Amino acid sequence: MAELTMRRVPLSTGVELDVLVGGNPAKNRDPIILLHGFPESHRTWRHQAADLAKDHLVIVPDQRGYAGSSKPPAVEDYATDKIVADVFALADALGVGEFTLAGHDWGGAAAWATALRDAPRGRIPRLIIANAPHPYIFQRSLFDHPAQRKASQYIRAFRNPNLEAHIEKVGLEQFFQTTFVGHADPATMAEEKPHYLRDWSRPGALTAMLNWYRAASIVVPDVDEEAPSRPAFLDQPFPKLRIPILVIWGMADTALLPVQLEGLGDLVEDLHVVPVPAGHFVTWEDPAEVIRIMRVFLDREEGHRVGPLPPGAPAEGQ
């Protein structure tokens with residue numbers, strides 16, 4: 001098996017990304033690009049990348065703004081179109097045509113957006129999502145589901161331009177303790193803590209990561225706001241994705257509630273949802289189960305083994 005190694009990859013979009021690359025691409029096995037979210041790095045997928053490298057080319061970037069990758073200074077540098085362009089530019093830079101795309105958290109949001117821009121099917125034959133809401137369902141839930149609106153108020157806090165000054169005052173460790181420790185198993189969080197603090201301490205890193213929230217078009221009404229103005233697209237038909245999509249969902253997620261799964265079958269033609277008894281950071285809270293689920297899906301979709309869907313997955317299109 002080829003070793004996974006970190007490479008510096010300049011992109012045509014003007015940024016340079018640190019990218020974990022390697023594996024053993026076997027015949028008829030598509031390359032896989034794995035996208036992490038906030039506030040992590042390629043380590044989000046460390047367990048899955050090591051396993052998938054047995055028979056795939058695996059590509060795991062530190063996305064723009066994170067860890068050692070480029071950190072452009074403007075908020076608009078983190079708009080969705082820039083993030084999507086990075087995905088295709090990364091594939092181009094590594095000589096990859098078609099690729100399976102997977103994403104968690106903000107990486108999942110980027111994956112949804114990339115697949116929508118790639119439709120009808122172009123370079124992405126299948127999509128894997130881990131605890132990342134579909135953009136239409138997420139925006140709708142922020143208006144129509146009070147519990148999700150309440151759970152998402154952290155987005156408003158992260159958009160506060162004075163947040164960095166507050167974090168500098170209290171310290172990164174305190175920010176870690178008060179913001180993230182409650183979202184996963186304490187022992188696992190303790191293992192990840194030094195990696196978080198190292199990456200957040202890099203010059204410009206904290207602002208760059210927060211700019212993903214500031215640049216996003218998602219509207220988050222205040223929890224007590226009455227009759228907020230709804231984005232127009234919520235009352236219009238939304239494009240339907242027709243590629244096979246696997247959604248792995250840690251059902252104990254307190255930031256992105258299970259309401260994000262409601263109505264998803266209306267927006268995805270070939271949908272497979274698998275609930276997992278884990279929290280938001282499902283890829284490293286229950287890595288073996290996530291690997292197993294991904295393997296069954298990939299084997300089925302790539303034609304290597306026709307078998308049943310993972311336990312808990314609904315019938316296609318449901």
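Given the condition of a type in the set (A, V, I, L, M, F, W, C) and in contact with a helix residue (DSSP H, G or I) (Cβ under 7 Å, 6 or more places away or on another chain), answer yes or no: does some residue in the stretch 46-56 qualify? Please lay out each step first, then the result.
Taking the stretch 46-56 and keeping what is of a type in the set (A, V, I, L, M, F, W, C), we get 49-50, 52-53.
In the following step, the residues that additionally are in contact with a helix residue (DSSP H, G or I) (Cβ under 7 Å, 6 or more places away or on another chain) were identified as none.
No, the conditions are met nowhere in the stretch 46-56.
For every residue, the table says whether it meets (1) among the aliphatic types (A, V, I, L, M); (2) within 15 Å of the chain's Cα centre (by Cα); (3) surrounded by fewer than 21 Cβ atoms within 10 Å (Cβ to Cβ); (4) farther than 20 Å from Arg214 by Cβ.
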site	(1), (2), (3), (4)
Glu3	no, no, yes, yes
Val15	yes, no, no, no
Asn24	no, no, yes, yes
Ile32	yes, yes, no, yes
Arg43	no, yes, yes, yes
His47	no, no, yes, yes
Ala53	yes, no, no, yes
Leu57	yes, no, no, yes
Ala67	yes, no, no, no
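Is there any pair with a first residue in the stretch 1-25 that is at pLDDT below 95 and a second that is assigned to a loop (DSSP other than H, G, I, E, B) and among the polar types (S, T, N, Q) whose Cβ atoms are under 6 Å apart and which are 6 or more apart or on different chains, and what are they?
Here the result reads Met1/Asn24; Ala2/Asn24, each pair linking the stretch 1-25 to a residue that is assigned to a loop (DSSP other than H, G, I, E, B) and among the polar types (S, T, N, Q).
If you go through the stretch 100-142, how many residues are touching a His at 6+ places or on another chain (Cβ under 7 Å) and either polar (S, T, N, Q) or outside any loop (DSSP other than H, G, I, E, B) (or both)?
Result for the stretch 100-142: 5.
For the subset of the stretch 270-306 comprising residues that are charged (D, E, K, R), at pLDDT 95 or above and within 26 Å of Ala119 (Cα to Cα), which member is surrounded by the most Cβ atoms within 10 Å (Cβ to Cβ)?
The extreme case among them is Arg295.
Between a first residue in the stretch 147-173 that is among the charged types (D, E, K, R) and a second residue that is assigned to a helix (DSSP H, G or I), which pairs have beta carbons less than 7 Å apart while being 6 or more apart in sequence or on different chains?
Arg149/Leu142; Arg159/Tyr213; Arg159/Arg214; Glu164/Leu206; Glu164/Thr207; Glu173/Leu197
Hey, can you tell me all the residues within the stretch 24-68 that are within 19 Å of Glu192 (Cα to Cα), in a helix (DSSP H, G or I) and either among the aliphatic types (A, V, I, L, M) or out of contact with any Ser or Thr (no Cβ under 8 Å at 6 or more places or on another chain) (or both)?
Hits for the stretch 24-68 are His42, Arg43, Arg46, Ala49, Ala50.
Can you find, within the stretch 182-237, the residue that is nearest to the chain's Cα centre (by Cα) among those that are in a loop (DSSP other than H, G, I, E, B) and among the aliphatic types (A, V, I, L, M)?
The first filter runs over the stretch 182-237 and keeps only residues in a loop (DSSP other than H, G, I, E, B), leaving 184-185, 201-204, 216-231, 236-237.
Within this subset, residues satisfying the condition of being among the aliphatic types (A, V, I, L, M) are 184, 216, 218-220, 223, 227.
On the way: Ala184: 17, Ala216: 14, Ile218: 16, Val219: 19, Val220: 19, Val223: 25, Ala227: 30 Å.
That would be Ala216.
Taking the stretch 181-202 on its own, how many of its residues are in contact (Cβ under 8 Å) with a residue 12 or more places away in the chain and either surrounded by fewer than 18 Cβ atoms within 10 Å (Cβ to Cβ) or not aliphatic (A, V, I, L, M) (or both)?
Total meeting the criteria: 13.
For the stretch 69-99, what are the residues that are surrounded by 16 or more Cβ atoms within 10 Å (Cβ to Cβ) and part of a loop (DSSP other than H, G, I, E, B)?
Once the filter is applied, which keeps residues that are surrounded by 16 or more Cβ atoms within 10 Å (Cβ to Cβ) and part of a loop (DSSP other than H, G, I, E, B), the stretch 69-99 yields Ser69, Ser70, Lys71, Pro72, Ala79, Leu94, Val96, Phe99.
The values are calculated or read from the model by the stated rules, or taken from the named source; none is laboratory data. Here the structure is a predicted model, which is why all the values come from computation and not from measurement. A quick note on method: Cβ atoms are made from the backbone with ideal geometry, for glycine too, and the neighbour counts reach across all protein chains shown.
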